[in-house]
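The values are calculated or read from the model by the stated rules, or taken from the named source; none is laboratory data. Note that the coordinates shown come from a computational prediction; the quantities given were computed from them, not determined experimentally. Glycine also receives a Cβ, built like all others from the backbone with ideal geometry; neighbour counts cover every protein chain displayed. Heavy atoms of the whole protein, side chains included, go into the accessibility calculation; ligands, DNA and RNA do not. Shrake-Rupley method; radii C 1.70, N 1.55, O 1.52, S 1.80 Å.
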Amino acid sequence: MRALLAEGAMALAVAPEANLSSGGAAGSPTGPLWWVSQCHGVWYSLAVMLPSLAFVGFLAWQARRSFRRLSYGRSHVVVVAYYALLWAVAVLNLLWCFLQAWQCMSDRAFSWNVLSLFTKSGMLFLEVSLIAFLLQGNDASGFESLARTFVISGAVVAADVLLKTIYVFGFGVPLFIDADQGTGGKWGLWILHKLVLTGVYGLIVFMHHSRWRDRLPAKPAYYNYVCAMLLLNGLSLLGCFLVASGAGFGLWLYNVTTVCYHSLYLPLLYVTFLADFFQEDMLLENVYYSEMKDAGFFDADWD
């Protein structure tokens, strides 16, 4: 993993210069803009790069307060592990977004497949663990209930990684090359993948509108999260079906959902499940300050 990160950083550093030396002039399509415009085009690249960079910047800006909140001793070890996993996945996703040109470079195919496998598996682990958390309903004891989902989530993701590894490195299926429409085997796997996720999110929405509604967590933000993921996976599933049927529009729709997933999913996850946990620290500080002020602790400052 460390070697992969180092290789990605080196590629970002030397790509523009290498391309300039091959005849491209600065400011031309073959100059520094080459790394952004290569493969999918400028707008696609910017759509995934800027939000992912902004989210990692936000995590870094909040890091001191978050670490202080996690070090209070009241935080469950699972919350700490989940926050660390969020950081790791966010960094991997940032690399994935900035190294899109690797998709169209034959000598980087292996590195791109490994990076995509790690990135998508990390995001899937977060997604599956949260699905399990939601399905536990009101029997879940807040963040501590995530501990009971880690083993199950790990098993699901391990099976998914094994299957994708066989497809990519065993059969040579371009599973992670979005610009390549590939064969029916590629889209058959993605259809199965999206169908399962869409079905699970659909089941949660159905439960919310049925007599089993009380078994789900009552927080409205959780329901909004599920609806957003149902829509995203449903559109992605439709795109996969269209591509498998030979419709060119399907690849465009699939790429749009890919952009939305890699640029917006991690911020959505943070806002829905973790923001309140870290916000509690600031609220407690305000309460303590108000109580101390009412007790006259700061009266001496005005003398």
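What FRET efficiency do you get for I152 and S106 if R0 is 35 Å and r is their Cβ-Cβ distance, rounded to the nearest 0.05?
0.35
In nm², what is the average projected area of the convex hull enclosing the Cα atoms of the stretch 200-249? Write down the numbers at each step before the final one.
Numbers: hull surface 15.6 nm².
Approximately 3.9 nm², given one-decimal rounding.
Within 10 Å, count the other beta carbons around each residue, average over each peptide in 157-168, 194-205, and list them highest first.
194-205, 157-168
Run the numbers for H209 and C227: contour at 0.36 nm per residue of separation, minus the present Cα-Cα distance, in nm.
Going from the current span to full extension adds 5.2 nm.
Given a 1.4 Å probe and heavy atoms of the protein chains only, how would you sort R211, R65, R108, R148, largest accessible area at the top?
Most to least solvent-accessible, the answer reads R211, R148, R65, R108.
With the full set of protein chains in place, find how many percent of the accessible area of the stretch 209-268 is carbon and sulfur; take the probe as 1.4 Å. Walk me through the intermediate numbers first.
Working: 2080 of 3070 Å².
Carbon plus sulfur share of accessible area: 68 percent.
Take peptides 264-276, 91-103 and line them up by average Cβ neighbours within 10 Å, highest first, as a rough protection proxy.
With the highest mean Cβ count within 10 Å placed first, the list reads 91-103, 264-276.
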